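First comes the structure, then the notes that go with it.
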Amino acid sequence: MTQWHHISTSEALESAKSAWDGLSADESAARIAANGPNELEAVATTTPLQMFLGQFKDFMIIVLLGAAALAGVTGELTDALAILAIVVINAIIGFVQEYRAEQAITALRAMAAPQANVIHNGVRRTTPSAQLAVGDIVILEAGNIVPADVRLLEVAQLKIDEAALTGESIPAEKITGTLPEESVVADRVNMAFKGTVVTYGRARALVVATGMQTEFGKIATMLQQGEEAKTPLQKSLDVFGKRLAMIVLALCAVFFGAGVAQGQPILDMFLTAISLAVAAIPEALPALVTIALALGARNLVRQQALIRRLPAVETLGSVTYVCSDKTGTLTQNKMFVEAVWVDGMRHTPDTFSPSSSSEHEDDDFLLALAVSNDASYDDDNRAVGDPTETALMEFAALKGHPKDRMEAAYPRVAELPFDSDRKRMTTFHQHADGRLFSVTKGAVEAMTEDPEIVAAAQEMAANGLRTLGISRREWSEMPPLDPAIVEVDGTFLGIVGMLDPPRPEAAEAVELCRRAGIHPVMITGDHPGTAANIAQRLGIHDGTPGTVMTGAQLRDMPLEDFEKCVESIRVYARVAPDQKLKIIQALQDRGHYVAMTGDGVNDAPALRRADIGIAMGITGTDVAKQAAHMILLDDNFATIVKAVREGRRVFDNIIKFLKYVVTSNSGELWTMFLAPLMGLPIPLLPIHILWINVVTDGLPGLALAAEPAEKGVMTRPPRNPRDSVFANGVGPHIVWVGLLMGLVSVAAQAYFIGQEVEHWQTMVFTVLCLSQLGHAVAIHAGDLAAFQKGFFENRVFFAAIGIAFAAQMAAVYVPFMNTILKTSPLSLSELAWTLGASAVVLVAVEIEKLVRRHRR
């Protein structure tokens with residue numbers, strides 16, 4: 001493949017089989033017919049209907065559909081419809097998130113230039129940019145969107161804003177000379193790229209890539225091909241669903257066989273086994289997850305974070321790395337003067353004043369900054385113009401030299417515009433008495449050979465500052481506007497060092513990430529020195545050797561070798577879009593969950609590939625927003641920390657629900673399974689199981705989604721992404737508490753039958769229901785004692801417990817409920833017995849928590 005930046009303009013024309021006056025219209029049309037139009041194409045995709053139907057392939061969804069069918073067989077149409085509604089809601093959510101990739105490509109297409117100025121046989125004409133071919137010659141002017149990837153043949157003070165592609169906050173100054181072969185996209189200043197914006201000057205250029213072969217096209221391809229990884233919770237629940245289905249089916253088969261062996265009617269046993277299977281599958285789990293995530297998303301919007309994909313809320317709680325773009329994300333996306341060197345001394349903006357050295361030189365220096373730029377203020381008093389020049393204007397005004405007053409006193413009468421070969425520009429100004437002076441600004445090494453001055457500039461550059469030299473010369477009359485005459489023999493006034501500084505709140509947010517066990521990493525297209533400077537000021541980089549890597553180093557390193565050191569790198573500079581994907585892949589291969597923030601087109605593939613992509617809402621491009629899982633509405637890096645806290649809260653609540661509902665279901669299974677094995681009658685009817693499933697499991701379980709965050713949620717490390725949802729004691733808890741529920745219920749059954757209590761089945765039914773409610777009370781408090789957590793912290797939960805308890809009492813004491821549920825009213829002493837038996841589970845779980853607190 002031709003390295004267009006590495007060959008001369010004549011070689012480029014020859015390689016493209018073109019000429020200075022362009023192709024003929026017929027030749028251009030023939031090339032378009034052969035190679036396709038200059039458009040971003042979408043790869044073949046499934047239809048919306050196929051996308052929707054594909055959502056029903058998940059194993060857990062298949063299990064739920066089976067549960068709905070079984071519920072329908074038993075005549076419980078309400079239960080069946082509820083399960084189907086849950087499945088459809090989840091399918092809609094999955095369909096929406098799959099459709100996002102196509103939206104990202106649509107947004108990327110919108111950034112393409114609709115028109116281009118092309119030259120055919122020496123004649124300039126305007127044509128749709130889609131009708132450009134490799135070899136066409138185009139004219140670029142200020143305000144144009146570059147229509148294709150081009151090799152610059154001739155430039156006149158050309159500057160192009162490439163921030164959306166490279167992450168550079170300063171418009172790139174373009175040249176026509178050849179560049180080293182290893183130059184990355186951000187360094188290819190002899191080229192211009194499709195979708196970027198010409199901010200200054202003009203150029204003649206050769207089209208060298210169109211459509212999907214452009215840098216934008218490569219990004220579009222990565223967006224189309226990239227696959228979004230499942231969240232930690234989704235992975236765990238997939239495994240859980242498969243295992244649960246196998247266990248439930250096996251237990252129900254054993255239960256059915258045991259009942260038939262006891263002489264129970266086959267039909268009754270079959271219906272009871274089916275009811276048990278329906279009860280054992282936590283069909284409310286997808287609903288609870290959706291509700292918990294939706295509540296979390298609503299809370300995040302209030303904190304300026306918009307969730308585009310609900311599972312992203314939970315993923316936030318598992319993030320171990322935040323890979324952040326620098327420009328506009330960690331920095332202010334605006335240049336400021338950080339240091340000045342005047343009369344042999346370096347000063348900060350705070351320490352610099354006319355009294356700090358020779359007053360005359362300082363006044364001349366500040367005057368030069370004020371009058372030699374083209375920046376201005378808009379109606380809202382905001383600085384507008386080239387970022388470098390707005391920085392100079394604002395610094396001069398801060399030091400008592402406002403531009404309007406200085407220009408009125410020393411009006412500009414002539415200028416020599418900036419040229420990338422000279423690396424300088426000069427303006428002429430008139431004194432009140434008619435005398436003239438000129439101000440030259442540009443690259444320090446192009447203006448002086450004084451070793452002291454050059455060393456000062458190099459020191460600033462080593463600290464990541466962009467440097468600009470300033471000189472002045474007096475004239476008795478206007479000289480010829482010849483740089484060889486004008487830009488020599490001036491008095492060197494000083495050096496300005498500029499930087500796009502960190503956002504004020506970013507350093508605190510980085511520290512909060514560290515406390516939460518999250519590693520912040522900077523990924524930028526900017527210069528390594530600038531990146532390292534910002535990273536050190538934010539606390540991302542501590543200056544340790546080997547923790548900064550460039551795109552060139554990353555490109556030459558095999559993925560296997562890179563994975564060995566990826567966890568030690570804190571700053572990546574001069575990286576290309578595909579290298580961001582390599583960084584994320586390496587971290588994911590090491591078992592990490594990665595969040596990637598960004599705002600440009602160059603960030604979109606990585607945003608999509610990351611476990612959670614976070615786009616900037618204010619400065620972010622539409623492409624980045626469409627590819628992201630979450631959008632920061634305030635472009636505030638600190639908002640990510642709030643989002644992580646919310647993600648951890650949501651995950652904790654989902655685990656509480658899972659812990660509660662699976663324990664309850666296992667309690668029901670043990671009750672139904674152990675009784676026949678102990679020679680006892682079937683303890684519960686199918687209607688009892690379904691009642692418990694809806695009332696006792698459903699209401700308190702769903703209310704757990706509103707639980708507030710536990711104390712210390714942001715001082716613990718992220719959950720290990722490799723851990724299942726049953727890690728950290730959840731699995732053993734489910735086993736022993738579920739078994740305890742079953743043993744208590746069967747023991748109560750044996751005792752009440754032994755006491756010849758006529759309505760023993762109602763008592764067993766009530767013991768199991770109230771045991772589960774007691775367990776819910778213990779679960780909701782986390783590691784705290786059950787009633788140590790105040791009522792007002794989650795009134796919804798206690799309301800749900802109250803409603804579930806009242807419903808169970810109605811099932812026992814309301815006549816028409818007795819008929820439906822085949823229950824009988826209990827005496828006060830019998831009710832007391834059931835309350836006492838059901839309290840065993842609550843007391844046992846509280847003892848477990850007490851032991852755990854004591855050990856900790």
| query | Quick check: is even one residue across the stretch 541-561 in contact with a Leu (Cβ under 8 Å, 6 or more places away or on another chain) and open to solvent by less than 10 Å² (accessible area, probe 1.4 Å)? | reply | no
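Can you tell me which of 394, 407 is at pLDDT 90 or above, open to solvent by 20 Å² or more (accessible area, probe 1.4 Å), part of a helix (DSSP H, G or I) and under 15 Å from residue 498 (Cα atoms)?
394
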| Residue count, the stretch 181-224 (criterion: in contact with a His (Cβ under 7 Å, 6 or more places away or on another chain) and either surrounded by fewer than 22 Cβ atoms within 10 Å (Cβ to Cβ) or of a type in the set (D, E, K, R) (or both)) | 3
| message | Residues that are at pLDDT 75 or above, hydrophobic (A, V, I, L, M, F, W, C) and either open to solvent by 30 Å² or more (accessible area, probe 1.4 Å) or within 22 Å of residue 662 (Cα to Cα) (or both): does the stretch 313-331 have at least one? | response | no
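Every residue, every condition in (1) part of a helix (DSSP H, G or I); (2) more than 18 Å from residue 668 (Cα to Cα); (3) open to solvent by less than 30 Å² (accessible area, probe 1.4 Å); (4) in contact with a Cys (Cβ under 6 Å, 6 or more places away or on another chain), yes or no:
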| site | (1), (2), (3), (4) |
| --- | --- |
| 753 | yes, yes, no, no |
| 769 | yes, no, yes, no |
| 784 | no, yes, no, no |
| 788 | no, yes, no, no |
| 804 | yes, no, yes, no |
| 808 | yes, no, yes, yes |
| 826 | no, yes, yes, no |
| 852 | yes, yes, no, no |
| request: Kindly list, by first and then second residue, each pair from a residue in the stretch 384-402 that is touching a residue at least 40 places away in the same chain (Cβ under 8 Å) to a residue that is in a helix (DSSP H, G or I), limited to pairs with Cβ atoms under 7 Å and residues at least 6 apart or on different chains. | output: 392/369; 395/369; 399/366
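Conditions tested, residue by residue: (1) surrounded by 14 or more Cβ atoms within 10 Å (Cβ to Cβ); (2) assigned to a loop (DSSP other than H, G, I, E, B).
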residue	(1), (2)
416	yes, no
429	yes, no
433	no, yes
438	yes, no
456	yes, no
460	yes, no
469	yes, no
484	no, no
495	yes, no
| Among the residues of the stretch 7-23, which ones are open to solvent by 30 Å² or more (accessible area, probe 1.4 Å) and not aliphatic (A, V, I, L, M)? | 8, 9, 10, 11, 14, 15, 17, 20, 21
| said: Quick check on the stretch 366-374. Is at least one of its residues assigned to a helix (DSSP H, G or I), touching a helix residue (DSSP H, G or I) at 6+ places or on another chain (Cβ under 7 Å), closer than 25 Å to residue 504 by Cα and modelled with pLDDT of 90 or more? | reply: no
| task | Please work out which residue is surrounded by the fewest Cβ atoms within 10 Å (Cβ to Cβ), limiting yourself to the stretch 144-153 and to residues that are part of a strand (DSSP E or B) and of a type in the set (Val, Ile, Thr). | result | 145
| Under the condition of being hydrophobic (A, V, I, L, M, F, W, C) and within 25 Å of residue 216 (Cβ to Cβ), which residue from the stretch 562-581 is most open to solvent (accessible area, probe 1.4 Å)? | 581
| said: Of all residues being outside any loop (DSSP other than H, G, I, E, B) and farther than 15 Å from residue 455 by Cα in the stretch 339-354, which is farthest from the chain's Cα centre (by Cα)? Just the residue, please. | reply: 354
| Limited to the stretch 811-822, what total is found for residues that are among the aliphatic types (A, V, I, L, M), outside any loop (DSSP other than H, G, I, E, B) and surrounded by 14 or more Cβ atoms within 10 Å (Cβ to Cβ)? | 4
| request: Report, ordered by the first and then the second residue, all pairs with beta carbons closer than 6 Å, sequence separation of six or more or different chains, a first member in the stretch 722-749 that is farther than 23 Å from residue 289 by Cα, and a second member that is part of a loop (DSSP other than H, G, I, E, B) and open to solvent by less than 40 Å² (accessible area, probe 1.4 Å). | output: 749/680; 749/683
| note | Pairing a residue in the stretch 239-261 that is among the basic types (Lys, Arg) with any residue that is at pLDDT below 75 and open to solvent by 50 Å² or more (accessible area, probe 1.4 Å), where Cβ atoms lie under 9 Å and the two sit 6 or more apart in sequence or on different chains, gives 242/59
| request: Scan the stretch 263-284 for residues that are part of a loop (DSSP other than H, G, I, E, B) and at pLDDT 75 or above and jot them down. | output: 263, 264, 265
| So which residues in the stretch 623-653 are open to solvent by less than 10 Å² (accessible area, probe 1.4 Å) and part of a helix (DSSP H, G or I)? | 623, 624, 627, 639, 640, 643, 644, 647, 648, 650, 653
| field | the stretch 723-740, residues that are within 24 Å of the chain's Cα centre (by Cα) and surrounded by fewer than 21 Cβ atoms within 10 Å (Cβ to Cβ) | value | 723, 724
| If you check 680, 669, 684, which single one turns out to be in a helix (DSSP H, G or I), on the phi < 0 side of the Ramachandran plot and of a type in the set (A, V, I, L, M, F, W, C)? | 669
| said: Given the condition acidic (Asp, Glu) and not in a helix (DSSP H, G or I), answer yes or no: does some residue in the stretch 790-802 qualify? | reply: no
| said: If I filter the stretch 134-143 for residues that are open to solvent by less than 10 Å² (accessible area, probe 1.4 Å) and either closer than 21 Å to residue 500 by Cα or among the aromatic types (Phe, Trp, Tyr) (or both), do I get at least one hit? | reply: no
| field | Counted residues, the stretch 706-751 - those being in contact with a Phe, Trp or Tyr (Cβ under 8 Å, 6 or more places away or on another chain), in a loop (DSSP other than H, G, I, E, B) and not charged (D, E, K, R) | value | 5
| query | Is it the case that some residue within the stretch 445-466 is without any contact (Cβ under 8 Å) to a residue 12 or more places away in the chain and of a type in the set (S, T, N, Q)? | reply | yes
| remark: When residue 488 is run through (1) free of Cβ contacts under 8 Å to residues at least 40 places away in the same chain; (2) among the β-branched types (Val, Ile, Thr); (3) touching a Pro at 6+ places or on another chain (Cβ under 9 Å), the failure sits at (3)
| query | Quick one: would you say residue 162 is modelled with pLDDT under 75, under 31 Å from the mean Cα position of the chain (by Cα) and among the acidic types (Asp, Glu)? | reply | no
| said: I need the full set of residues from the stretch 582-620 which are touching a strand residue (DSSP E or B) at 6+ places or on another chain (Cβ under 8 Å), open to solvent by 10 Å² or more (accessible area, probe 1.4 Å) and of a type in the set (S, T, N, Q), in order please. | reply: 588
| field | Of residues in the stretch 666-722 being of a type in the set (S, T, N, Q) and more than 18 Å from residue 842 (Cβ to Cβ), the one most open to solvent (accessible area, probe 1.4 Å) | value | 715
| Are any residues in the stretch 112-138 under 16 Å from residue 208 (Cβ atoms) and part of a strand (DSSP E or B), and if so, which ones? | 116, 118, 119, 137, 138
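The values are calculated or read from the model by the stated rules, or taken from the named source; none is laboratory data. Bear in mind that the values here come from a model prediction, so they are computed numbers and not experimental data. We place every Cβ from the backbone using ideal geometry, glycine too, and count neighbours over all the protein chains shown. SASA here: full protein model, heavy atoms, side chains in, ligands and nucleic acids out. Shrake-Rupley method; radii C 1.70, N 1.55, O 1.52, S 1.80 Å.
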